[in-house]
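Accompanying notes for the structure given below.
The values are calculated or read from the model by the stated rules, or taken from the named source; none is laboratory data. Quick caveat, the model's predicted, so the values are computed rather than measured. Please note: Cβ atoms are built from the backbone with ideal geometry, for glycine as well, and neighbour counts cover all protein chains shown. Keep in mind that these areas ignore ligands, DNA and RNA; they rest on the heavy atoms of the full protein, side chains included. Shrake-Rupley method; radii C 1.70, N 1.55, O 1.52, S 1.80 Å.
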Amino acid sequence: MSSPAAARGQEARQRLLTAAAELVPERGWTAVSTRVLAERAGVTSSVVHYHFPSLQALLREAVLDAMREVLESVGPALASTQNPADLVTALFGSVEPYTGVDPLSVLFVEAYLAARRDDELRDQIGGLLLAFRAQVSRWLAERGVPEPDATTEVLVATIDGLLLHRGLAPGGDPAAVTAVLRGLVTQP
């Protein structure tokens with residue numbers, strides 16, 4: 001059982017992470033300051049540095065938490081889907097709510113851009129993507145899909161690309177795109 005002070009500290013830390021995940025899409029990665037973040041979280045600036053070694057460390061943790069949550073949400077689809085074509089439908093169905101301009105999509109785009117200048121962030125996002133791709137690739141391999149690693153890489157990159165395009169030029173028929181990609185995993 002934790003003390004009331006520890007619980008308050010954990011709550012403040014979580015408010016900082018939530019505020020960071022809200023502010024990055026609103027303002028952009030580089031425009032989030034310690035002061036603005038602290039104000040949004042309802043704490044003083046000193047609390048930011050008490051809980052995190054730097055503002056960048058806080059932003060990294062916030063985006064990595066969000067990415068982990070999204071990637072882990074695919075687990076049930078892997079567990080409940082039996083054939084590769086249906087998995088493709090489930091994967092692409094899981095991103096339907098994202099418009100490319102919604103806060104979570106923008107958070108991911110901002111993080112990808114920031115990762116080009118932040119080696120630690122790039123390594124951490126890369127690690128999440130590699131682990132996710134390995135999970136999907138194993139699943140595809142167990143079902144006899146040829147070239148499961150390459151197929152997974154194409155599927156995951158397509159999801160990212162579609163979300164990026166949705167933010168720039170909405171349109172297209174999601175069902176048609178899914179049908180094309182289902183063919184990728186059902187080719188003899």
Read through the list (1) touching a residue at least 12 places away in the same chain (Cβ under 8 Å); (2) in a helix (DSSP H, G or I), then give the number of the only condition that Pro146 fails. (2)
Identify, by number, the condition in (1) open to solvent by 60 Å² or more (accessible area, probe 1.4 Å); (2) within 27 Å of Gly126 (Cβ to Cβ); (3) modelled with pLDDT under 95 that Thr44 doesn't meet. (2)
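Does at least one position in region 88-95 carry a residue that is within 14 Å of the chain's Cα centre (by Cα) and not hydroxyl-bearing (Ser, Thr, Tyr)? Give the steps one after another, and end with the answer.
To start, the set of residues in region 88-95 that are within 14 Å of the chain's Cα centre (by Cα) comprises 91, 94-95.
Checking which are not hydroxyl-bearing (Ser, Thr, Tyr) leaves us with 91, 95.
Looking for residues that are within 14 Å of the chain's Cα centre (by Cα) and not hydroxyl-bearing (Ser, Thr, Tyr), one finds at least one in region 88-95, hence yes.
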With respect to Leu107, determine if the residue is touching a residue at least 40 places away in the same chain (Cβ under 8 Å), under 16 Å from the mean Cα position of the chain (by Cα) and closer than 30 Å to Val177 by Cα. yes
If only one of Leu71, Leu64, Leu55 is more than 22 Å from Pro97 (Cα to Cα) and surrounded by 14 or more Cβ atoms within 10 Å (Cβ to Cβ), which one is it? Leu55
Does region 169-176 include one or more residues that are surrounded by 11 or more Cβ atoms within 10 Å (Cβ to Cβ) and farther than 23 Å from Pro76 by Cα? yes
Within region 161-181, residues being in a helix (DSSP H, G or I) and touching a residue at least 24 places away in the same chain (Cβ under 8 Å) number 11
Within region 110-127, residues touching a residue at least 60 places away in the same chain (Cβ under 8 Å) and either among the hydroxyl-bearing types (Ser, Thr, Tyr) or surrounded by 15 or more Cβ atoms within 10 Å (Cβ to Cβ) (or both) come out as Glu110, Ala111, Ala114, Asp118, Leu121, Gln124, Ile125
So which residues in region 114-154 are under 18 Å from the mean Cα position of the chain (by Cα), charged (D, E, K, R) and under 23 Å from Leu87 (Cα atoms)? Arg133, Glu153
Among the residues of region 1-41, which ones are more than 20 Å from Ala66 (Cβ to Cβ), modelled with pLDDT under 95 and exposed (fewer than 15 other Cβ atoms within 10 Å of the Cβ)? Met1, Ser2, Ser3, Pro4, Ala5, Ala6, Ala7, Arg8
